[in-house]
Each structure stands twice: as structure tokens, then as C-alpha cells.
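In what follows, a structure is listed as C-alpha cells, so that the remarks can point back to it.
The values are calculated or read from the model by the stated rules, or taken from the named source; none is laboratory data. None of these values were measured; they are calculated from a predicted model. Glycine also receives a Cβ, built like all others from the backbone with ideal geometry; neighbour counts cover every protein chain displayed. When the accessible area is computed, the model is the full protein with side chains, heavy atoms only, and any ligands, DNA or RNA have been set aside. Shrake-Rupley method; radii C 1.70, N 1.55, O 1.52, S 1.80 Å.
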Amino acid sequence: MKAGERPKLVRGLRQESRRFRLLVIVVGFFLVSLTFVFVSKPDAILFGLNGKLPVDQAPTNILIQQKVNEPSADSRKPSTDTLRGDPKVVDDEADVKPQGTGGGEEDGRVLSEPDPTSGMMDPTHSKDGNGHKSHEETLGGDGGDGESKGKDEEEEEEHKHKVTLPTVSNYTIHDAAEDTENAKLEGMNNVQQGSKPLCDFSNFRANVCEMRGDVRIHPTATSVLFMEPDGSQRDEVWKIKPYPRKGDEFCLSHITELTVKSSKVAPECTKYHDVPAVIFSLTGYTGNLFHDFTDVLVPLFTTASEFNGEVQFLITDMALWWTIKYQTVLQKLSKYPVIDFSKDDQVHCFKHAIVGLHAYMEFTIDSTKAPHNYSMVDFNRFMRGAYSLGRDSVTVLGEYPKIKPRLLIIKRHRTRMFLNLDEIIAMAEELGFEVVIDEANVSSDISRFARLVNSVDVMMGVHGAGLTNCVFLPQNATLIQIVPWGGLDWISRTDFGNPAELMGLRYKQYSIGVDESSLTDQYPRDHEIFKNPIAFHKRGFDFIRQTFMDKQNVKLDCKRFRPILLEALNNLNP
């Protein structure tokens, strides 16, 4: 060997050695990466959990494109494996008329035939009795060891899950332990939902949907989606207007209709909530004190009280002035600011959601059906607590000799007025009452009026919304309702008599006679309206309201009415 060739050979061997070590490092890194792909499956993060898809891949009939920071549309076109058909919406409303509504109900259940081919990858649910596939079964096909796949299968799998990496604004990486715990909870929630339908339309007064599991609420699309795991045969679509006036076509025509459905595809969550959601509407008859309570506040208490403030309210058809007026009640029921459906474009994700409010008879809670057997006694206690009212029960007569029992007379200015108010006051004072006169209307300061009502022992007034303030009366106080002429005893007892008694109040009903009605100034005494007022009821409630309520005032016969006040006074005796 020549003297100059040996150094060249040594240098060549060293270069080959370095290249070999570099090759070993590259191969080692590749093997580590490959192991990570099959064992850790980072694609679960990239694709999103619980069947989440980018907004543009969700069904167009229930979603509106969100303006979010996402990869280009070309890089994330849905494959035929990803979208396997959207459940069809079949309008069978005509065949699902609720009982007793005369076909006037605008809410209707819409169901479609289950699609046996419908499916969607759900990497978070373990296989259970409902046939939910596990993460390994869904991605690996056999639920076994991913490393046993052949080279062709690996290349196909790698190509199948090849995506453009999302930006930080598109997703949040959670702690692994937290993700595992959430997956367990979601699995439990889906088991809790079981085969129970998402909605219950059997109540004659209100339709309610309740879901436990992965629930996506998308206000812009007026949709509430219950995410179903792969293998589930549930295929439900419901239409609901979340205001408890079922059958009232005029009222419901002003209420936004929501779509509640089961689905395997949905937009990605943009906001996560750890508390349940309750969705309801404020349009309708709100603005009338009676309807504020019977349509919203009582049903909202019944529905949300069990959560002890840990609940998120979402309001469709928002009335900002209403939320300001009743903010004391709303803040007592929920610790969180309300979400205005009409101004929100987020996708809110909950583990428990209720659409609509539990409601029963007028201004009443049916404790046999209400959650946790809530009653009107509970509601009365809640209202006194919400406004920090000092009296839980009436003052026993004679307990404080220098203090007279207090009587509040609800005064009206336009209809159903007392024409002899001074005479009524004089009679009450003669019997020993301290008389207070006040009027409750839509502009009243609720807090001030609540304190006034809570300070009295007896409240009286002609049938009307002002009597709704009885919710602030202390226990065992007496409510006296004056019923105008016209066969209105049944309406009066339903609206205020039954609720008052269910609240733990004493109740007296006084129906005026013909001579106490101002209708005698409008009709001759032998008119049918005096002989058989019930006959006019068949003309409908509008006629009843216009004739017997809007055009009638009351001149109370104090001699005839005196025993009613005496009985109320006696109720205060020990």
C-alpha cells in the first residue's frame, strides 16, 4: 500500500461510520414516532373528541358557517367515510296533535326512520351494553394491537388521518387525566340517558327536552344537538318552542322554534360549561305581571331550583327590560350572566341541558310531578328569601297590642275599579284594620312592592294581575279575591284561589251580585247577560275579557262583604 493511500482509507472509514450512526439515529427516531402514533394516537386530538367535526363538515340543514380561525377548506374536505348521511326531517306534525288542544299546538314531534348505515367515529366512548365502540375498535378495526398491522395497513391508516395541523385557537389541549375523567363521565351520562327520548311532549301545558351527555347548543343555528356514540340507533328530531303556553297559536307564533336532535356530527365546541343549561323564551305574554309569574318565574323555579345556582340560563327572544326587572330572582336561581340566544354565535357544550320549562296548571306547581316534589310553599319561601323579606308568617292578633292588623287593598285605575273605595276603607278601619292602598302594575318597583305586601296580614282586590303579588305574603296571611259579574268564579279560583291555598295562605272568594256591577249602567236588568251570563262564554275568551273584565267596575256592598273581612280578622287569632 502506498504511503498516501492509508490516510485516505482511514478518512473514508470514519465518514462511513458517521453516516451509519446518522442512519441509526434517523431509523430510531422513525421507530419512536411510529410507536407514538399507534400507542398514543395523537390523531384523536387533531380530529377532536366526541365526534366533533369542523363547522363546515357538519350538516348544512342545522348549522351556519362559523367565522373561526381554521385551515383552508381544501385541506379538510369531508370524506365519504366521515359523513354518512344526515337524518331526514319528516314533517308529521298533522298526525301528532296533542290531546285537548284542539289542534292548536305549534310544537310538534318530528321523527325519522333510523338509518342503519348512519355512523360516525367516536373515539372517546368505551364499548358498553348500548353497543358503543371503543377508541381501539373504531380506529384499529379489531380493537387489538396496532403494531400487528401490515405495512400496507399502516400506510393506509397514515394517509387516512393525514390532516393540516390546527392552530391554537381551534382547540385546547387538556391534561390527559382530565380527558380520561371527562370520557368516563360522558360514558356514564350516555348510559343515564339510555333509551329515554330526548323530549317529553305529553304535558298538556308545556313541552320539555332534557339531555345528559355530550350536548352542543348552537344559538345561531337555533339547534340543540345530543351527540350519539357510534353504534347507537337513536335517530330523533324534535321541534320545540320553549314557552309554556302549549296550544296557544297566537302566543307561540312569536316564539323562536328550536331543533333538538340526536346526531353523530356537530360543530366543534367553542365554549365548555361545567354546569347544566336551561333554555327558555321571554316573548309571549310577559309584561303582564300574572304571566311573568305563571309563564316564566314559577316554571323557571320548578326547573332550575334543584341546581342551587349552578346553572346557565340561555334565553331566546330576549327582553332585556324584563331581565333587569327580575334580576333579583334570576341571580338567585343562577350565578351566571344569562346568554342572549339572538346575539350569540358560539357553540356551547354542556353535559346536561334542559330545553323548555316544567309547567302545570296556571300559577301552580304540581308537587307530584315537579322535580324533587317542589311545591308552591317552596316557591313562596323562595320569593321571600330572594327579596330578603322579613316576615315568614303573620302576626298573631294581640301579640303586639299597639299594632293593628294590616289590610292592603289593590287599587285599579282603568278597569275593575272599586267605585266606593272610601266606603270600603271606612268599614275596614271600623273593624280594626290599618288600611294600606296601593297599585301594582308593570312599572312597579318589585322590591318595594314586595316589602309592602310582606308587611300586611290581609290582601284584597278585584280579579286581576295585581293579586299575583300574593307570592310575597307571609304564611297564613289571607288573600281575598273579588270576582266580577259574569260567571268568572272558575277562572278566579284557577288563577289565584288554588295557587294561594297551595302557598299556605288563607283564601276567601267573594262574587259580586248584579247590583254591585257597573254592567247595570250598560244593559237593562232583564238582559240575558244578567239572567244567564255563562251562555256568553261560548263566544270565547276575548268576548269574556272585553265584556266582563275590561268594561266592568265594582261597587262593593259593604254590608254583604263585611263578614268576609271579619273572617279574615278571626284567622289572625291564635
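What the table shows:
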read-out: Tally, over segment 487-524, of residues that are closer than 27 Å to Arg391 by Cα and small (Gly, Ala, Ser); value: 4
read-out: Checklist (1) touching a residue at least 24 places away in the same chain (Cβ under 8 Å); (2) more than 24 Å from Ile491 (Cα to Cα); (3) over 18 Å from the mean Cα position of the chain (by Cα) applied to Val355, failing item; value: (3)
read-out: Subset of segment 399-417 (residues that are closer than 19 Å to Leu566 by Cα, part of a loop (DSSP other than H, G, I, E, B) and open to solvent by less than 60 Å² (accessible area, probe 1.4 Å)); value: Pro405
read-out: Scan of segment 532-574 for residues that are in a helix (DSSP H, G or I) and without any contact (Cβ under 8 Å) to a residue 12 or more places away in the chain, ordered by number; value: Ala535, Lys538, Arg539, Phe541, Asp542, Phe543, Arg545, Gln546, Lys559, Pro563, Asn570
read-out: Residue that is farthest from Leu300 (Cα to Cα), among those in segment 347-380 that are in contact with a Cys (Cβ under 9 Å, 6 or more places away or on another chain) and in the same structural domain as Val237 (by the TED database); value: Val347
read-out: Pair list, Cβ under 7 Å, 6 or more apart: segment 313-342 residue of a type in the set (Lys, Arg), other residue surrounded by 15 or more Cβ atoms within 10 Å (Cβ to Cβ); value: Lys325/Ile446; Lys332/Ala386
read-out: Tally of residues being under 14 Å from the mean Cα position of the chain (by Cα) and crowded, with 23+ Cβ neighbours inside 10 Å across segment 254-272; value: 2
read-out: Segment 479-505: number of residues that are open to solvent by less than 10 Å² (accessible area, probe 1.4 Å), part of a loop (DSSP other than H, G, I, E, B) and over 23 Å from Arg448 (Cβ atoms); value: 3
read-out: Verdict on Ile529 being touching a Leu at 6+ places or on another chain (Cβ under 7 Å), aliphatic (A, V, I, L, M) and either open to solvent by 20 Å² or more (accessible area, probe 1.4 Å) or in a helix (DSSP H, G or I) (or both); value: yes
read-out: So Ser443, is it open to solvent by 10 Å² or more (accessible area, probe 1.4 Å), assigned to a helix (DSSP H, G or I) and either in contact with a helix residue (DSSP H, G or I) (Cβ under 8 Å, 6 or more places away or on another chain) or at pLDDT below 95 (or both); value: no
read-out: Looking only at segment 273-315, and only at residues there that are more than 23 Å from Asn469 (Cα to Cα) and among the acidic types (Asp, Glu), the one that is surrounded by the fewest Cβ atoms within 10 Å (Cβ to Cβ); value: Asp274
read-out: Flag for Gly284 being small (Gly, Ala, Ser), touching an Asp or Glu at 6+ places or on another chain (Cβ under 9 Å) and closer than 19 Å to Cys209 by Cα; value: no
read-out: Filter pass, Lys508 being touching a residue at least 60 places away in the same chain (Cβ under 8 Å) and open to solvent by 30 Å² or more (accessible area, probe 1.4 Å); value: yes
read-out: Looking only at segment 511-526, and only at residues there that are acidic (Asp, Glu) and in a helix (DSSP H, G or I), the one that is surrounded by the most Cβ atoms within 10 Å (Cβ to Cβ); value: Glu516
read-out: Qualifying helices (runs of 4 or more DSSP H) (wholly inside segment 314-395; at least 2 residues being modelled with pLDDT under 95); value: 320-325
read-out: Test for Val298: is it assigned to a loop (DSSP other than H, G, I, E, B), β-branched (Val, Ile, Thr) and farther than 20 Å from Glu257 by Cβ; value: no
read-out: Answer residue from segment 446-467, given it is outside any strand (DSSP E or B) and under 24 Å from Pro574 (Cβ atoms) and is most open to solvent (accessible area, probe 1.4 Å) among those; value: Ser455
read-out: Subset of segment 372-398 that is in contact (Cβ under 8 Å) with a residue 40 or more places away in the chain and surrounded by fewer than 13 Cβ atoms within 10 Å (Cβ to Cβ) - its residue that is nearest to Tyr285 (Cα to Cα); value: Gly385
read-out: Qualifying residue in segment 468-478 (condition: open to solvent by 60 Å² or more (accessible area, probe 1.4 Å) and either assigned by the TED database to the domain that holds Ile409 or touching a Phe, Trp or Tyr at 6+ places or on another chain (Cβ under 6 Å) (or both)); value: yes
read-out: Filter pass, Thr283 being modelled with pLDDT under 95, within 23 Å of Cys349 (Cα to Cα) and among the polar types (S, T, N, Q); value: no
read-out: Some residue of segment 239-250 being among the β-branched types (Val, Ile, Thr), out of contact with any Cys (no Cβ under 7 Å at 6 or more places or on another chain) and either open to solvent by 10 Å² or more (accessible area, probe 1.4 Å) or not in a loop (DSSP other than H, G, I, E, B) (or both); value: no
read-out: In segment 418-438, the residues that are open to solvent by less than 50 Å² (accessible area, probe 1.4 Å) and within 18 Å of Val483 (Cα to Cα); value: Phe418, Asn420, Leu421, Ile424
